[in-house]
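Values quoted throughout were computed directly from the atomic coordinates according to the rules given, and no laboratory measurement underlies them. Computed from a prediction, not measured in an experiment: that's the story for all the values here. Neighbour counts are summed over all protein chains in view; Cβ atoms, including those assigned to glycine, are modelled from backbone coordinates with ideal geometry.
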Amino acid sequence: MNSVQISHITKSYGNVTAVRDISLSINSGELFALIGPDGAGKTTLFRMLTTLLLPDKGDATVCGLDMRKDWRQIRTISGYMPGRFSLYQDLSVEENLEFFATVFKTTIQENYDLIHDIYVQLEPFSKRRAGKLSGGMKQKLALCCALIHRPRVLFLDEPTTGVDPVSRKEFWDILSRIKEQNITIIVSTPYMDEASRCDRIALMRNGSCLRTDTPEQICASFPHKLWSLKGKELYQLLLDAREYPQTYSCHAFGDCHHFIFKEENDKADDLAAYLRMKGHEDVLIERLEPSVEDCFMDFGEDDQ
Amino acid sequence: MQLIILPFAANFEMKNVNLAVVDNDCSPVTTELTDKILSSGYFKLTTTQDSYEAALPFMEKNSADLILEYPARLEKDLGRERSACVSITANAVNGTKAGIGTSYLASIIRQYNIEQISPDVTIPVQIKNTHLFNPYLDYKAYMVPGILAFLLTLVGGFLSALNIVSEKEKGTIEQINVTPVPKSIFLLSKLIPFWVIGLIILTLGLFISWIVYGFIPDGNVLAIYVFAAIYLVALTGLGLAVSAISASQQQAMFTMFFCNMLFALMSGLFTPISSMPDWAQTITLFNPIRYFVEVMRMIYLKGSLFTDITGHLLIVCAFAVFFNTLAVIGYRKKS
């Protein structure tokens, strides 16, 4: 079993509670994502699961190993890729990989099949120093180093932050392939749009876990009808829509606004008339399927 | 580099003491005495003036360090009473120069006295100095072993602290911490290279002092190595303790800088410990460099053997245990 069980874990730094009573159950072979904005407590949770930090309260097991007692074994079966590039910048690509293989008492050859897909892209630069690689390449090298000892659980802390959209997509494709090797992958990300690539997600905010479910279930459980507003003067439209007495919430989402009514009746025509009166002649109102981001914003609304 | 430059620069020998002479007598005796003083090689005649008042501006302008004044009728007094006074005025802004210059000058005049009296009269008590272990009072012989000790301190303490903290800064220590490698092994693998580098530097330093200065330790070279090996363990322990409490290289650097400053000035490397006030002497007891500098000088100059440095060795062992315990405690608190 490669599962991760977290029960009632809490960690504070001084007065700040970074992780507040989180319980999660991550199944074997799952691609699980912790999604939340900066400061949600994702990294702290990761640092506890990788035995870098001890929780103030609560317990967790990784592959059935207790994080307090069996931390040494946990380290041998888990791979961790911190959010910050933390390989040896003065060593070459090859040397880094070899170093981490040696540290885990294995060799590159032994597990080469696991990293082959990723490493072929790095091969042309194998003599280059790790510090001189591009951002996307650094991430791939770090992933290789985290995989070199064939871990049973892989922890990736914001692997796609600061990586361009093409590389991000590529990275998620790689993760899907790693998952096929029956490796449990836990990944954190602030990008809500990446949620659909995961089996299950946990939405986090301010150290608490808001919801845990499959992305589809989370979207399906969205309790409101969602509308999109489009117009020329987007900002003024947002302000005016929020002034409308029947408005439950209205958020800016790129090129349109996501709008929810207080009561669940089709009153789109009324809203359109109101907005036209406000001078938005070309306003376009359409029904919309909720995304994970809508759900996250909605949970936030409940909090306040 | 340090070993080649510092001993020449950190030199207490006075070669160029600027002397102003006020000759109120202008007799053969004063001329002879002045010639004698100048021929010693330590003094340089800046000016000859008629009065003390005229000579004083030269001292104020820093072109004279000493003023030697012969009274009028010096020769006559000498002839009649067989004694006379000269006055020496020293510019004490540079204390060492004034002190040493004055004593050089006094000893030359004393010698002149003796020459005047003898051969017909013998002086009952004659002082004759012999400098044991360093017969020519060669400052380089004194400084080289000390500076070598200081260099090892820099490598052992400074570099090891900076190296570990730099791993912290870059975040690489994080990546190592999630591997099954125990912390103790990680720290050891960080310290051993510096320990080895330290011993290599010591070897290089011994060679340089032999090739450049021609100094060969009178005592047991092996004793130096044994002592240095333990000393480096102590200092890397200190570096480790510093790295445990600092979060950035800057922090570590300033902490070590502070320690090293204190250690160096209180080590007896530049100023003798025995001339420090009592409280300062007590502080030097807690200074590891002090012991290493002493041992280096003992072995180089005195030819001390193992048995002579046992006391120092034990103290440095205690330092090693103390600093490393401190480091372990510091790191344990973190995790």
Per-residue average of Cβ from other chains inside 10 Å of B:167-179: 6
When B:Cys317, A:Cys209, A:Cys219, B:Cys85 are arranged by how many other beta-carbons sit within 10 Å of their Cβ, fewest first, they go B:Cys85, B:Cys317, A:Cys219, A:Cys209
If you bin the C-alpha pair distances of segment B:14-117 every 5 Å from 0, what whole percents do you get? 2, 13, 25, 26, 19, 10, 4, 1
In vacuo Debye sum over C-alpha of chain B, base-10 log of normalised intensity I(q)/I(0) at q = 0.09, 0.11 Å⁻¹, listed in q order, is -0.65, -0.83
Length-normalised contact order of chain B in % [C-alpha pairs under 8 Å, at least 6 apart]: 18 percent
Against the globular-protein guess of 2.2 N^0.38 Å, express the Cα radius of gyration of segment B:209-268 as a ratio, rounded to two decimals. 1.51
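Name the trypsin sites (Lys or Arg not before Pro) in segment A:44-130 that are in a loop by DSSP and that have at most 16 other C-beta atoms within 10 Å, would you?
Details: sites: A:Arg47, A:Lys57, A:Arg68, A:Lys69, A:Arg72, A:Arg75, A:Arg84, A:Lys105, A:Lys127, A:Arg128, A:Arg129; in loops: A:Arg68, A:Lys69, A:Arg84, A:Lys105, A:Lys127, A:Arg128.
Those satisfying the criteria are A:Arg68, A:Lys69, A:Arg84, A:Lys105, A:Lys127, A:Arg128.
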Report the dimensions of chain A along its three principal axes from the alpha-carbon atoms, largest first, rounded to Å. 71, 45, 35
If one takes the longest principal axis of the Cα atoms in chain A, at what angle in degrees, from 0 to 90 and to the nearest 10, does the Cα axis of helix A:268-277 lie? 70 degrees
To test your reading of the geometry: what angle, between 0 and 90 degrees and rounded to tens, separates the Cα axis of helix A:112-122 from the longest principal axis of chain A? 70 degrees
Tilt, helix A:135-147 to longest principal axis of chain A (alpha-carbon atoms), in degrees rounded to tens, equals 50 degrees
Hey, fewest Cβ within 10 Å first, where do B:Glu32, A:Glu95, A:Glu263, A:Glu216 land in order? A:Glu263, A:Glu216, B:Glu32, A:Glu95
In square nanometres and to one decimal, what's the mean projected area of the convex hull around the Cα atoms of the protein assembly as shown? 45.7 nm²
Under 18 Å between alpha carbons, and skipping anything fewer than 8 positions from A:Lys11 in its own chain: which aspartates and glutamates qualify? A:Asp21, A:Asp38, A:Asp56, A:Asp59, A:Asp66, A:Asp157
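Under the rule a/c < 1.5 gives rounded, and otherwise a/b versus b/c splits prolate from oblate, where does segment A:226-303 land using the Cα gyration tensor?
Working: a/c = 1.72, a/b = 1.45, b/c = 1.19.
It comes out prolate by the Cα gyration axes.
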So which helices of chain B fit the span-like rule, where a helix is a whole DSSP H run, its Cα atoms reach 30 Å or more along the axis, and its mean Kyte-Doolittle is at least 1.0? B:183-211, B:221-245, B:306-334
Less than 30 Å apart at the alpha-carbon level, and either on another chain or at least 8 residues along: which lysines does that give for B:Lys302? B:Lys15, B:Lys97, B:Lys128, B:Lys140
Please state, as a whole number in µm²/s, the translational diffusion coefficient that the Stokes-Einstein equation yields for segment A:124-241 at 20 °C and 1.002 mPa s, with Rh defined as the Kirkwood radius across alpha carbon pairs. 124 µm²/s
15 Å Cα-Cα reach of A:Lys262 towards aspartates and glutamates, excluding residues that sit fewer than 8 places from it in its own chain: A:Glu243, A:Asp270, A:Asp298, A:Glu301, A:Asp302
Candidate cut points under chymotrypsin sites (Phe, Trp or Tyr not before Pro) in segment A:219-257, DSSP loop plus at most 15 other Cβ atoms within 10 Å of their own Cβ, are none
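Using DSSP, restrict attention to beta bridges with both residues in the protein assembly as shown and report what percent are antiparallel, rounded to the nearest 5.
Taking every DSSP beta bridge within the protein assembly as shown, about 55 percent pair in antiparallel fashion.
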Quickly work out the A:His8-to-A:Gln217 label distance, labels modelled 7 Å from Cα along the C-beta direction, and quote it in nm with one decimal. 2.3 nm
